[in-house]
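The structure under discussion appears below in the form of C-alpha cells.
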Amino acid sequence: MTVTTTATADLRSESVRSLYDQVMARCKDIDHLNGIGGLLHWDQEVMMPKKAAAVRSEQMSVLVGVLHEIQTSLVQGALLDELEYRKSHGDLSAVLNPFELANVRLARKEYKAETLVPVEVVKASAALNTKATAAWTEARKESDFFKFAPFLEEQIKIARQSIGYKIRGGANEEARKINEKARASLGLSETDECYKGYYQGLMDIYETGFKEDRLQALFADLKKHLIPLIANIKAKNFQHDNSFLLRNYDITKQTEYSHSLAKKIGFDADAGRLDVSTHPFSGGAHPTDIRMTTRYTINNIQEGITGTVHETGHSVYEQGRNKEYFGTPVSQALSLGIHESQSLLWERMVGLSKPFWTYALPLLKEKFPEDTHLQSVTVDQFYLGFNRVEPGFIRIEADEVTYPMHVILRYEIEKALIEGDIQ
C-alpha cells in the first residue's frame, strides 16, 4: 500500500514491515537527491564554468527545497508516528532486525530536526553556500579576504537561524540547557539575543552526542603539551633537509604518481575519480561513484602526495559503506570524526612512516628518473625531510605536530563567531 493520507488511524491496519518499507523508500529518495547535490558540488569545484556560479546557486536552492519537502512530508511523519506507536505497544524487534531498528530511530530523529527549520532558510543557506564557495575561490587566489568576508558574515547569520529553530524546537537538549543557563546568568529574557550553546547545537549535527565540554577538555590537554613541544622544536633552530621535495616536479607525472598511490592503498578507480580542486575533498553519490580531489604544486611534491593519501582514506571509507542498506540512515558515514580518523590514519600513521616510504620512494624515483637529486636521496633522508616540523598558515599542508593546533584554533574562532564573542 502507498500512503496518500496523513491520518494515523488509516495506518493501523498496515504491517510493521509495510510501514518500514515505505519510510525507507522515502529515505532512499532523499539519499539519491543528496547524491545529486554532491555531484553538483563536485562539478562546481572541479570543472564548472566560472560564469555558471549564479545559476548553480539557484539549482542548489531548488534541489534542497525539493529535498526538504520530502524530508518533512506529512506522510513520512505519519509513518514514523505509527512505527513509534507500534514500538510503545509491542516489540518491533520481532519483525525488524537491529539495522532496521536503527534506521527507524535515525529517520525519526532526522525528521524531527528537519521539520523545525523553514524551507526558506534551508533554500537560502544552499544558495548562499554555493555563492560563497565561488567567492572564496577568487578571494583565495587573490589573497583578498574582504572579497569573502560578506559571504562569511551571512553564513554565520543563517547558521544561527537554522540551529536556533532546532534548539527552540527541542531537537538539541544540551544546547538548550547551555543557552538557558547563559540567559539566566546574563539576566536575559527569551526574546533577547543570545547565541550561547549554538556551537553545541551545530556540533551535534556532525558529531552526534558529543558534548562541547568534552571537546574543550581534549583540546586543553593537547594545547598543554603541544604548545611547549612546538616551542622547543623551534628553539633548536634545526630542520632536516627537504630540498628534494621542493624542486620542480612535472604536474602530469605528479598526477600519475598520485593515481597510482591511491589505487595501491585500495581506491577502486572503477568506482570513483581523482581530480583537482582548489581545496581537496571527497564526495560523490554512491559507494560506486566516489569523487575525490587533490591539488598539486609544481615546486612542492609533498602537497599533492599527502593530499591524495588523505583523500584516499576518506574515499576508501566511502567505498566500503554497507551496500546492502544503501540509501538508508545506517549506511551513512557515522560522523565527521570517524571520517577524519580514516583519512588521517592513512595520511599520518601510514603516509609519514618509514615502512611506507621504503615501499613508495623507489616508485617515486621510477616516475622521475631524470632528477639526479631525488635519485640520490635515501629512505632515511626522505623520511626525515617528509616529517619536517615547521609552523605554517595552511592546515592541510601542516606537519603532524602542528596540524592539531590548526584544528584547535579554527574551533576557537568558529565558536566565538557563532556565539557572538567576535565579529
Next item on the list: Provide the net charge surrounding Val64, with neighbours chosen by a C-beta distance below 15 Å and charges set as Lys +1, Arg +1, Asp -1, Glu -1.
Entry: -4
Check: What is the pair-distance distribution P(r) of the chain, computed from all Cα-Cα distances in 20 Å bins starting at 0, with each bin given as a whole percent?
Finding: 21, 52, 24, 3
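Could you give the accessible area per residue of the chain, probe 1.4 Å, as a whole number in Å²? Don't skip to the answer; put the middle values down first.
Values: 22230 Å² over 423 residues.
Result: 53 Å² per residue.
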Note to self: Along its three principal axes, how long is region 121-212 when you only count alpha carbons? Whole Å, largest extent first please.
What the structure shows: 45, 28, 24
Item checked: Coil-residue trypsin sites (Lys or Arg not before Pro) of region 321-423, DSSP, other Cβ within 10 Å capped at 12 -> Lys323
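Which value does Rg/Rh take for region 212-304 over its C-alpha atoms, Rh per Kirkwood?
Details: Rg = 18.8 Å, Rh = 16.6 Å.
My calculation puts Rg/Rh at 1.13.
Roughly how compact is region 276-363, stated as its Cα Rg over 2.2 N^0.38 Å to two decimals?
On the way: Rg = 14.3 Å, N = 88, 2.2 N^0.38 = 12.1 Å.
For region 276-363, the normalised Cα radius of gyration comes out at 1.19.
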Next item on the list: Using a 1.4 angstrom probe on heavy atoms only, work out the carbon and sulfur share of the accessible area of the chain in %.
Entry: 56
Next item on the list: Determine the percent antiparallel among the DSSP beta bridges restricted to the chain, to the nearest 5.
Entry: 50
Item checked: Residue among Phe210, Ala231, Gln200 farthest towards the positive dipole end of region 189-246, charges placed on Cβ -> Ala231
Notebook entry, point to check: Could you give the semi-axes, largest first, of the ellipsoid that matches region 48-177, computed as the square roots of 5 times the alpha carbon gyration tensor eigenvalues and rounded to whole Å?
Noted result: 38, 17, 13
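Out of region 321-423, which chymotrypsin sites (Phe, Trp or Tyr not before Pro) are coil in DSSP terms and have no more than 12 other C-beta atoms within 10 Å?
Numbers: sites: Tyr325, Phe326, Trp346, Phe356, Trp357, Tyr359, Phe382, Tyr383, Phe386, Phe393, Tyr411; in loops: Tyr325, Phe326, Phe393.
Here the sparse-neighbourhood loop sites are Phe393.
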Check: Kirkwood Rh, region 33-84, all Cα pairs: how many Å?
Finding: 12.7
Check: What are the aspartates and glutamates whose alpha-carbon lies under 19 Å from the alpha-carbon of Lys87, with same-chain residues fewer than 8 places away excluded?
Finding: Asp10, Glu14, Asp21, Glu100, Glu110
Next item on the list: State the answer as a single residue: which of Leu334, His310, Phe356 lies farthest towards the positive end of the charge dipole of region 265-381, with beta carbon charges of +1 for Lys and Arg and -1 for Asp and Glu, about the Cα centre.
Entry: Leu334
Check: Between Gln319, Thr137, Val377, whose Cα lies farthest towards the positive end of the dipole of the chain when Lys and Arg beta carbons carry +1 and Asp and Glu beta carbons carry -1, centred on the Cα centre?
Finding: Val377
Next item on the list: Filter the DSSP H helices in the chain by two things, a Kyte-Doolittle mean of at least -0.5 and an axial alpha-carbon span of 24 angstrom or more, and list the hits by number.
Entry: 16-46, 53-71, 119-142, 149-168, 212-235
Next item on the list: Keeping all protein chains in position, work out how much accessible area Asp144 exposes to a 1.4 Å probe, and write it in Å² to the nearest 10.
Entry: 50
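The values are calculated or read from the model by the stated rules, or taken from the named source; none is laboratory data. Note that this is a predicted model, so its numbers are computed, not measured. All Cβ positions, glycine included, derive from the backbone under ideal geometry; neighbour counts span all protein chains shown. Surface accessibility is based on the protein's heavy atoms, side chains included, excluding ligands, DNA and RNA. Shrake-Rupley method; radii C 1.70, N 1.55, O 1.52, S 1.80 Å.
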